[in-house]
């Protein structure tokens, strides 16, 4: 069996290259190149499998329904992007030589990508100092937050109750009812299970660790005791606030037809994908403002105007709409993203070259190429 790809091999793949190394580790089981023999079909026209493919080695022939053909060589600029991402597939892909591809679960990739970009925006907003950014970074890398809609995390941080504890203090006790969870902000703490002489040290918690959440999720008593090994600070999150975290926020969505009517009334497309994705194909007259930079560049937007956000899956645009709404802008997300559009509608919306705008630093916009 082939070894998983290493970070250096992933950095050329868009948008996979923006994920953190921890997120790559979460994908590790999928980051194994899959062999493809010459003449073998990777996917057929109309295929609807929710899999994102990248060409890693060899050459493919992509053929559309009207017979148009495109030869794709590994290592080319085009091979750094997903193959025929729209569903159902707009092309058939057949290997012209022995090749290898990377196949990733699309839903997992979209979840990780949306979280990563929203996480970068959150650090930008909340980080007041290097120490604070470091702590927040370690907190947000906690696997718990993979289950939390990114837009909810900001509200959670506002509800945390700071508690200073001395060395030897018991933070939570095995067998107690779970009414909250905790995050370790500084200091050291250990997890112990068992009573009397049968006690067993299970782990020493690192800064940013979340503990006590298992009793909340399972609605069961605490399964271990946590004690401070030195003076430190924990942050408490009450049960009701914890479950409020897991609820996805409601954002305004529109169909392509509804978006067309809003455009006719003066709305503008806002592309929240990476610039590399935008330059590959974008809506005419759209403004590119990647999700992770949205807060930095939002001053370039016109408050009275309505913005129609889009991305590939709809997840990044939903986060963008939530953020813009919080900041007082009128915004809608294209429901389920451009990849869910029928081929004829997607082709009409996106063009490889055409009039568009890039948001730059210094409070200016410029024409895209």
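The values are calculated or read from the model by the stated rules, or taken from the named source; none is laboratory data. As the structure is a computational prediction, the values presented were derived from the model and not from experiment. Backbone-built Cβ (ideal geometry, glycine too); neighbour counts: all protein chains shown.
Go through the range 1-79 and tell me which strands (runs of 3 or more DSSP E), entirely inside it, have 3 or more residues that are within 28 Å of the chain's Cα centre (by Cα) and buried (at least 17 other Cβ atoms within 10 Å of the Cβ).
Qualifying strands (runs of 3 or more DSSP E): 51-57.
Given the options 26, 59, name the one that is touching a strand residue (DSSP E or B) at 6+ places or on another chain (Cβ under 9 Å) and either touching a residue at least 40 places away in the same chain (Cβ under 8 Å) or over 22 Å from residue 314 (Cβ atoms) (or both).
59
Does residue 312 count as without any contact (Cβ under 8 Å) to a residue 40 or more places away in the chain, outside any helix (DSSP H, G or I) and within 20 Å of the chain's Cα centre (by Cα)? Outline the logic, then answer.
On the way: without any contact (Cβ under 8 Å) to a residue 40 or more places away in the chain: no; outside any helix (DSSP H, G or I): yes; within 20 Å of the chain's Cα centre (by Cα): yes.
Answer is no for this residue.
For the range 172-206, how many residues are over 21 Å from residue 241 (Cβ atoms) and in contact with a helix residue (DSSP H, G or I) (Cβ under 8 Å, 6 or more places away or on another chain)?
2
Just give me the residues in the range 82-103 being touching a residue at least 60 places away in the same chain (Cβ under 8 Å), within 18 Å of residue 36 (Cα to Cα) and not in a strand (DSSP E or B), in sequence order.
Residue satisfying the conditions is 98 alone.
Taking residue 307 and the conditions (1) under 30 Å from residue 169 (Cα atoms); (2) in a strand (DSSP E or B); (3) in contact (Cβ under 8 Å) with a residue 24 or more places away in the chain, which numbered condition does it fall short on, given that it satisfies the others?
Going through the list (1) under 30 Å from residue 169 (Cα atoms); (2) in a strand (DSSP E or B); (3) in contact (Cβ under 8 Å) with a residue 24 or more places away in the chain, residue 307 breaks only (1).
Within the range 150-159, can one find any residue that is at pLDDT below 75 and surrounded by 14 or more Cβ atoms within 10 Å (Cβ to Cβ)?
Within the range 150-159 (the criterion being at pLDDT below 75 and surrounded by 14 or more Cβ atoms within 10 Å (Cβ to Cβ)), the answer is yes, since at least one residue qualifies.
Starting from residues that are closer than 29 Å to residue 322 by Cα and either modelled with pLDDT of 95 or more or touching a strand residue (DSSP E or B) at 6+ places or on another chain (Cβ under 6 Å) (or both), keep the ones in the range 85-125 and report whichever is surrounded by the most Cβ atoms within 10 Å (Cβ to Cβ).
109
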